Amino acid sequence: GQMPRSGTMGLLATAALALAAAGCGTSSSGTGSFANQANNVCQSINVEISAVTPPGDPTTATASQLPAWAQYFQKTIPLAQKGNSELQALTPPASEQGNFSKLVESNLAQTVDAQAAERAASSGNLSAFVQATQKMGTDGSAGDPAATAAGLTQCSSSGGGNSGGTSG
């Protein structure tokens, strides 16, 4: 009886962290490299998003939990959006531009998925909610290899080292 690694909290962690990967920092001219700045942005939004308690596991959400999920996403989406704009304000070195833009794309796709999940939850559409949260996980993982390649471990939805994600 071994706990599955990507069990109930797997998707949720992915959802929250990938939303978090959106990042949130301050506009201070922090010291250090691009990677440090991006990781700081991601780390601080991770902290802010994880401070919002999710109502459960989105993959096993029930219709009665949807109002709580709507509130959860209403609180976390603005954090993700703030983080996205702060990440986009950073200038990556030329060697990391490709990876960085993939990461940003992944974050933006996830934010769109989160908005879809929020709308579905608000309107009480359980199947659309589950679909949106699943897509959120997929879109979030899409940016992980790029984040890892660029050394942005805080910006990867798996928090560094992807444990057998699917490609495609």
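Bear in mind that the values in this text are calculations on the coordinates, not laboratory data. Bear in mind the structure is a predicted one, so any value in this text is a computation, not a measurement. Every residue, glycine as well, gets a Cβ built from its backbone with ideal geometry; the counts of neighbours run over all protein chains shown.
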May I ask you to evaluate 6.51 cos²θ - 1.76 cosθ + 1.60, the Karplus curve with θ = phi - 60°, for each residue of segment 81-86 and list the ³J(HN,Hα) values in order in whole Hz, giving x for glycine and proline? 5, 4, x, 4, 5, 6
Using 0.36 nm per residue, how much length does the chain from S33 to V52 gain when fully extended, once their Cα-Cα distance is taken away? 3.9 nm
How far apart, in nanometres, would the label points at S95 and A63 be if each is projected 7 angstrom from Cα along the Cα-to-Cβ direction? 5.6
Under a straight-distance cross-link criterion of Cα-Cα below 19 Å, which aspartates and glutamates are reachable from K102, leaving out those fewer than 8 residues away in the same chain? E86, D113, D139, D144
Over all alpha-carbon pairs of segment 58-160, lay out the pair-distance distribution in 5 Å bins, whole %, shortest bin first. 2, 14, 22, 21, 16, 11, 8, 4, 1, 0
Cα pair distances of segment 29-98 binned at 5 Å [whole percent]: 3, 14, 20, 17, 14, 11, 9, 7, 3, 1
Would you list I77, I49 from fewest to most Cβ contacts within 10 Å? I77, I49
